[in-house]
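Asker: Structure provided below as structure tokens; questions to follow.
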Amino acid sequence: MSKQTIRSVQKRIANGELRLRDLVAEHLSTIEKNNTEINAVTHLDIEGALERADRIEAKIKDGTAGPLAGAVVGIKEAICEAGKPATCASNMLRDFKSVYNATVIDRMHKDDALFLARLNMDEFAMGSTNEYSIHGLARNPHNTDYVTGGSSGGSAAAVAAHFVQASLGSDTGGSIRQPAAYCGVVGLKPSYGRVSRYGLIAYASSFDSIGPLTNSVEDAALLLGSIAGHDKNDMTSVAAPVSDYMDAVDKPTQNLRIGIPEEYFGEGLDTEIHQEIMKMMSQLEAEGATLVPIKLPHSEYAISTYYILATAEASSNLARYDGVRYGHRASVEEIKKLESKDTALNKMYKLSRTEGFGMEVKRRIMLGTYVLSSGYYDAYYAKAQKVRRLIQQDFLEAFEQVHIIVSPTAPTTAFPVGSKLDDPVQMYLNDIYTISANLAGIGGINVPIGFHSNGLPMGIQFMAPACKEERLIASARLIERLQA
């Protein structure tokens, strides 16, 4: 099945060239043929999708359809859809089905999106490769010996493999943008609070954002326009007006001041990625953009700051999965076998969490619990909060000089499956260019910039001030036009 954008499909349906039911059947055929190997899709709603296809097509023909009519969409398993699995790829929630819709789902329903698939991910969104999942690892459609990136690996792979036209993922430290770069699709992380988190199963509440992964910048703008905006159910959502993101696609800014941070183009960055980004910048400069060298002096502390604060929040958020109120509970027989002087209740807590959580989730819970513990809180957590503020200030000062900041999305292309499982620190470093946007609460977007000599996709990232997603879209659209 060839790459199709939402807009191109909408035109074909409106012209009578394509039935939406047939489009769904095409996607299902592609999934049936390739998902066994790629493993991006974890659950399909075939009957519901076909019924909804008929209803939406009727609305398209009578002119009452919403802006997402014709869009076949997949949803990361961390985002709740009523009646559908929301396992977070964890044994802790293996049998859980959501009883309500996330706000983003309701908004896209209203705009006539068609939800087809639930998508694979790293357990509780903790990972950079989609190898930590009860559903098994997801594989890169461009070379299945390589990882998809994570934690929204299934969301990126599903779009790249043409299982769906677009998907929703979540981004806590790069989990939309990094897999988008590895799989060669557009991935947009909105600024914190721009999109409601209501119905997103939490990892780190002051970092998490929901955003789209698509085949084009235009489609990303279309989805963002649907899901952005204040939500009374999310006290952290921003009440600022939502811009016309499609206008940014149609009229991309020509005279951008683009900040190039020296900290992001040094040691550790793949030479071909560096050269391709600089080539793109030279072309934009020739078309009227101004390239401005800038400094983000506290960038070197971003990884350590993130992994203190995010794991602390994860430790707190995941404490609710105790085998009593939420999640997996160990069997009475297994609890009785546990050799311990603990009470039966404590044995149940320990065994339920031991069985329910995977290796990486346990590692992050333990780290987060440690930095919050008595005697270490001030040394680690409190200090990291202060450094986070310094990183935010770096960006505020940079955006006084420039409209947008450019960087690589990831230091390399995707790497072989299993190659970094034994070295979590090296895996964490894959998010070195994406984490700062989450710490600062600003938006970021990945745009594909062709293929490396190894045959795998490369990506470029733009970052913009909070609630200035139109700048991300305009800049990303310029990169698309350079490659047209």
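Asker: How large is ³J(HN,Hα), in whole Hz, for each residue of segment 357-368 in order, when computed from phi with the Karplus curve 6.51 cos²θ - 1.76 cosθ + 1.60 and θ = phi - 60°, using x for Gly and Pro?
Answerer: 9, x, 4, 5, 5, 4, 4, 6, 4, 5, 4, x
Asker: Pulled fully out, how much extra length does the chain show between Lys59 and Glu400, if you take 0.36 nm times their separation in residues and subtract their Cα-Cα distance?
Answerer: Gain in length upon complete extension: 118.2 nm.
Asker: Follow-up. Which GluC sites (Glu not before Pro) does segment 255-345 hold that lie in a coil by DSSP with at most 11 other beta carbons within 10 Å?
Answerer: Glu267, Glu339
Asker: I've got another one for you. Show which lysines lie in cross-link reach of Lys383 when reach means a straight Cα distance below 28 angstrom and same-chain residues fewer than eight apart are skipped.
Answerer: Reachable lysines: Lys189, Lys295, Lys362.
Asker: In addition: Taking R0 as 41 Å, what's the FRET efficiency between Met366 and His452 from their Cβ-Cβ distance, rounded to 0.05?
Answerer: Computed FRET efficiency for Met366 and His452: 0.70.
Asker: Need one number for segment 26-95: average projected area of the convex hull over its C-alpha atoms, nm².
Answerer: 5.8
Asker: Near the amide H of Ile449, under 5 Å away, which other amide H atoms are found, from residues 5 or more places off or on another chain, if H is placed in the peptide plane?
Answerer: Under 5 Å from the amide H of Ile449 lie the amide H atoms of Met458, Gly459, Ile460, each far enough along the sequence or on another chain.
Asker: In whole Å and largest first, what semi-axes does the C-alpha gyration tensor of segment 6-254 yield when each eigenvalue is scaled by 5 and square-rooted?
Answerer: Square roots of five times the eigenvalues give 24, 22, 18 Å.
Asker: Skipping prolines and chain starts, which residues have an amide H placed within reach, meaning under 5 Å, of the one on Thr42, given they are 5 or more residues away or on another chain?
Answerer: It is Arg118, Leu119, Asn120, by chain and number.
Asker: Per the Kirkwood formula on distinct C-alpha pairs, the Rh of segment 1-67 is how many angstrom?
Answerer: For segment 1-67, the Kirkwood estimate is 13.0 Å.
Asker: Near the amide H of Ile294, under 5 Å away, which other amide H atoms are found, from residues 5 or more places off or on another chain, if H is placed in the peptide plane?
Answerer: Under 5 Å from the amide H of Ile294: Ile260, Glu262.
Asker: Also, I was wondering about something else. Just round it to a whole percent: the fraction of Cα-Cα distances in segment 371-484 exceeding 21 Å.
Answerer: Tail fraction, whole percent: 52.
Asker: Three principal axis extents, largest first, for the C-alpha atoms of the chain, in Å?
Answerer: Sorted largest first, the three principal extents are 71, 54, 45 Å.
Asker: Moving to a separate point now. Once label points are set 7 Å from the Cα along Cα→Cβ at both Asp378 and His230, what is their separation, rounded to one decimal in nm?
Answerer: 4.0
The numbers here are math on the coordinates, done by the rules we state, and not lab data. Quick caveat, the model's predicted, so the values are computed rather than measured. Using ideal geometry, Cβ is built from the backbone for each residue, glycine included, and neighbour counts are taken over all protein chains shown.
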